[in-house]
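The values are calculated or read from the model by the stated rules, or taken from the named source; none is laboratory data. These figures come from a predicted structure and were not determined experimentally. For neighbour counting, all protein chains shown are included, and Cβ atoms are generated from backbone atoms with ideal geometry for every residue, glycine included. With ligands, DNA and RNA removed, areas are computed over all heavy atoms of the protein, side chains included. Shrake-Rupley method; radii C 1.70, N 1.55, O 1.52, S 1.80 Å.
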Amino acid sequence: MRVSVESDRCCAAGQCVLAAPDVFDQRDEDGVVVLLDDRPPADRHAAVVEAAQLCPAAAIALS
Ligand code: SF4
């Protein structure tokens, strides 16, 4: 699994961080998403899929 984020779309809702805190973080200054791991291990895939589904801005892409 490869993860990418479109920070221009991110509305800083933080749902991704709640779902997968080892893969996503938020910038201190404005809350915009920071991708910590673009190739998360298999045991994190379900959490990353959940994060992508929860993101209100559809800013997380998986391939
Ligand atoms: S859930 Fe989406 S909108 Fe919210 S911080 Fe994460 S990427 Fe940004």
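What the table shows:
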quantity	calculated
For Leu54: the one exception among (1) touching a Phe, Trp or Tyr at 6+ places or on another chain (Cβ under 7 Å); (2) within 7 Å of the ligand (Cβ to nearest atom); (3) open to solvent by 30 Å² or more (accessible area, probe 1.4 Å)	(1)
Test: residue in region 1-20 that is acidic (Asp, Glu), touching a helix residue (DSSP H, G or I) at 6+ places or on another chain (Cβ under 7 Å), without any contact (Cβ under 8 Å) to a residue 60 or more places away in the chain and open to solvent by 30 Å² or more (accessible area, probe 1.4 Å)	no
Matching residues, region 26-37, being acidic (Asp, Glu) and either near the ligand (Cβ under 8 Å from one of its atoms) or closer than 16 Å to Ala52 by Cβ (or both)	Asp37
Matching strands (runs of 3 or more DSSP E) fully within the chain where at least 3 residues are among the hydrophobic types (A, V, I, L, M, F, W, C) and modelled with pLDDT of 95 or more	33-35, 60-62
Single condition Val33 does not satisfy, out of (1) open to solvent by 30 Å² or more (accessible area, probe 1.4 Å); (2) closer than 11 Å to Ala59 by Cα	(1)
Candidate set: region 38-51, residues that are open to solvent by less than 60 Å² (accessible area, probe 1.4 Å) and among the small types (Gly, Ala, Ser); chosen: the one nearest to the ligand (Cβ to nearest atom)	Ala51
